[in-house]
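Below: one structure, written as structure tokens.
The values are calculated or read from the model by the stated rules, or taken from the named source; none is laboratory data. These numbers were taken from a predicted model, which means no experiment stands behind them. All Cβ positions, glycine included, derive from the backbone under ideal geometry; neighbour counts span all protein chains shown.
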Amino acid sequence: MWGSTAFAETRDGGRLLVGRGVSDVTGPAAENGMMGYSMPQQQTAGVHLRTLARAFVVDDGWRRLVFVTAELGALFQSVHLEVLRRLARTHGERYTEQNVLLNATHTHAACGGDSHYAAYDLATLGFQEQVFEAVVSGIVEAIDRAHADLKPGTAAVGRAELTNASVNRSREAFDRNPREDRAHFPDAIDPGVTVLRFRQGERDVGAIAWFATHGTSMTNTNRLISSDNKGYAAYAWESTDTGFVACFAQTNAGDMSPNLALSPGTGPTDDEFDNTRIIGERQFRAAKAAFDAATEPMRAGVDHRLCYVDMSDVAVDGRFTPDGKRHRTCTAAIGASMLAGSREDGPGAPIPEGMRNPLLEWLGGANVPVPPELSDEQSPKLVAVPFGAMRPYPWCPQVLPVQLVRIGELYLAAGPAEFTIVAGLRVRRAVAAELGVPLESVLVQGYANGYSQYVTTPEEYDSQQYEGASTLFGRYTLPAYQQEFSRLAAAMRSGRQVGIGQLPPDMSGTMPSFQPGVLFDVPPPGRSFGDVLVQPRARYRAGERVTAEFVTGHPKNDLRRGGTFTEVQRLLDGRWVTVADDRDWATRYHWKRSGTASSTATLTWDVPAAAPSGRYRLVHHGDWKAGNAVTPFTGATREFVVRAGVR
């Protein structure tokens with residue numbers, strides 16, 4: 001770490017140490033519940049885009065900050081705490097809860113089951129150790145790579161607006177807010193795009209782009225792992241510059257949907273893959289415009305504050321409440337309308353009608369009496385399940401991390417929830433006023449360091465739409481966050497530290513798993529693993545889809561984290577060279593069980609318009625299990641010819 005002289009240079013000249021790293025956090029590509037739509041029947045069955053964690057480390061010579069965005073449905077407290085434990089083993093006290101900010105893109109097409117709380121494991125039939133290990137290991141690897149990549153550099157901030165990649169899915173609730181709040185968002189969306197541009201020396205090496213829209217372009221009928229629209233945005237940018245790290249983070253996206261026609265899988269088209277690409281491309285283009293406008297290195301340094309708050313028991317000062325009176329938050333509970341899901345992004349319930357959930361039965365069911373005082377405290381919410389009052393353990397976290405970080409002139413209020421745009425606006429106003437900085441210098445970083453569902457304004461809460469019913473700690477949840485963020489901002493402004501507060505409980509080992517594992521794999525009679533059952537045609541042109549089918553094993557035998565199930569190879573100078581894999585938009589890997597222990601893999605490749613003429617083949621990598629032994633295999637199709645140009 002640099003000394004105080006270097007810190008002075010940072011404030012005057014904008015010099016930093018900057019590092020970036022990427023790693024794979026993809027979970028099991030078959031028979032694992034997805035996190036987001038809360039539908040047990042939505043289990044993975046292949047890969048469209050691998051999910052990645054992107055890390056940045058920024059050091060001003062005095063303090064250091066880690067920022068990680070992972071392409072996940074949520075960044076659970078279980079993951080946050082385990083990442084910190086593993087970082088401590090390698091780095092000692094350099095990286096702690098104070099200066100590490102982990103967050104999720106909120107894709108609804110990634111693996112779930114890595115929470116230690118029942119509410120978020122119901123749809124995955126319990127805790128999934130493979131998912132947890134893939135996510136934690138991938139995030140730690142990304143941070144380690146960013147740490148090793150530290151070099152002198154700069155950071156600059158740029159801004160743009162994007163108005164055709166989101167729509168307010170809860171307009172009835174939004175319209176209940178006061179006129180001055182609604183006037184800030186005349187189209188009922190948050191169009192702001194904010195980008196940090198990172199350089200090492202004279203070379204652009206990465207960017208973090210914030211924009212509010214949900215990761216629900218892929219619908220609840222999809223079963224392919226996908227990083228959704230923000231993943232496509234990152235893929236599109238990184239495809240233009242090898243080695244560049246493009247991170248697309250969330251902000252206050254609680255009521256922002258990418259489904260512009262306000263129905264799942266609709267707007268701007270009726271195809272979920274096209275919508276994912278289009279909404280992602282629009283984010284990439286807006287972020288690139290903001291990036292290009294970021295030409296002046298920021299002069300301020302790095303700072304951070306974090307405390308844990310029991311959000312179920314916060315006395316909220318009247319400065320932050322609509323009526324100017326003191327109020328309290330209360331024990332976590334969900335409302336009846338939360339069970340229906342958001343009809344604009346994907347209706348669903350934790351327990352579909354007629355479907356038994358063994359985890360729910362193990363927990364004793366959800367039909368528990370609601371304490372009368374809780375009904376009053378949560379009013380006007382019709383309490384469906386009192387998450388915080390469940391026994392023997394609460395079904396959701398209540399002691400939660402609240403964090404404020406600074407990178408140059410940009411401040412991030414990092415909260416473990418989905419803030420609506422007006423809720424985010426009020427947090428930003430509170431922090432900006434306490435710090436004495438412009439409103440545009442403060443962003444809400446949602447989905448950060450934990451997950452506790454939604455945060456709506458008190459006025460939105462009263463309408464009890466999906467978002468209000470999912471605001472766990474009652475009508476004054478947002479005012480409590482405003483108060484706690486203001487407290488951190490006051491400490492940061494004055495240079496004071498804050499007490500860490502009540503530490504969250506260690507919930508590891510409390511959740512079982514009822515998801516069956518892999519016993520063994522058997523190929524069809526007369527076949528071997530890796531055999532090609534369906535060969536590609538002999539010739540293709542751009543825009544056509546190449547398809548092949550293989551005998552395979554179960555993907556849970558080896559997640560191939562950092563690797564691939566699919567390769568597209570081209571013959572160059574007598575050797576096969578990989579031109580696409582699981583990380584590419586043009587490939588898809590579909591897995592299907594074909595009996596008790598047999599399965600098939602269908603690989604597809606949509607030939608890009610820019611694909612050069614030549615000889616190609618598809619290659620499948622897999623693993624099969626017998627007893628305790630797992631054996632890798634590889635299969636390859638016959639050659640096929642691609643002719644440049646459109647048919």
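The residue list Ala644, Ala629, Ala611, Ala636 contains one member that is under 33 Å from the mean Cα position of the chain (by Cα) and among the hydrophobic types (A, V, I, L, M, F, W, C), which is Ala611.
Selection within the range 129-146: residues that are in contact with a strand residue (DSSP E or B) (Cβ under 6 Å, 6 or more places away or on another chain) and crowded, with 21+ Cβ neighbours inside 10 Å. The member of this set that is farthest from Val193 (Cα to Cα) is Val131.
So how many residues does the range 597-645 have that are surrounded by fewer than 20 Cβ atoms within 10 Å (Cβ to Cβ), more than 16 Å from Ala542 (Cβ to Cβ) and among the polar types (S, T, N, Q)? Total meeting the criteria: 6. Screening the range 439-468 for residues that are assigned to a strand (DSSP E or B) and β-branched (Val, Ile, Thr) and picking the one that is nearest to Arg493 (Cα to Cα) gives Val442. Scanning the range 486-506 for residues that are surrounded by 15 or more Cβ atoms within 10 Å (Cβ to Cβ) and touching a helix residue (DSSP H, G or I) at 6+ places or on another chain (Cβ under 9 Å) yields Ser486, Arg487, Leu488, Ala489, Ala490, Met492, Val498, Pro504. Taking the numbered list (1) within 27 Å of Thr596 (Cβ to Cβ); (2) surrounded by fewer than 16 Cβ atoms within 10 Å (Cβ to Cβ) in turn, Gly509 passes all entries but (1). Kindly indicate whether Trp576 is within 20 Å of Ala29 (Cα to Cα), surrounded by 14 or more Cβ atoms within 10 Å (Cβ to Cβ), aromatic (Phe, Trp, Tyr) and in the same structural domain as Tyr540 (by TED's automatic domain parsing). No, not satisfied. Scanning the range 386-425 for residues that are assigned to a strand (DSSP E or B) and closer than 30 Å to Arg15 by Cβ returns Gln403, Leu404, Val405, Arg406, Ile407, Leu410, Tyr411, Leu412, Ala413, Ala414. Against the list (1) at pLDDT below 95; (2) under 30 Å from Pro372 (Cβ atoms); (3) surrounded by fewer than 16 Cβ atoms within 10 Å (Cβ to Cβ), the condition Gly318 fails is (1). Applying the criterion of being β-branched (Val, Ile, Thr) and touching a residue at least 40 places away in the same chain (Cβ under 8 Å) to the residues of the range 133-163, the residue that is nearest to Cys111 (Cα to Cα) is Val135.
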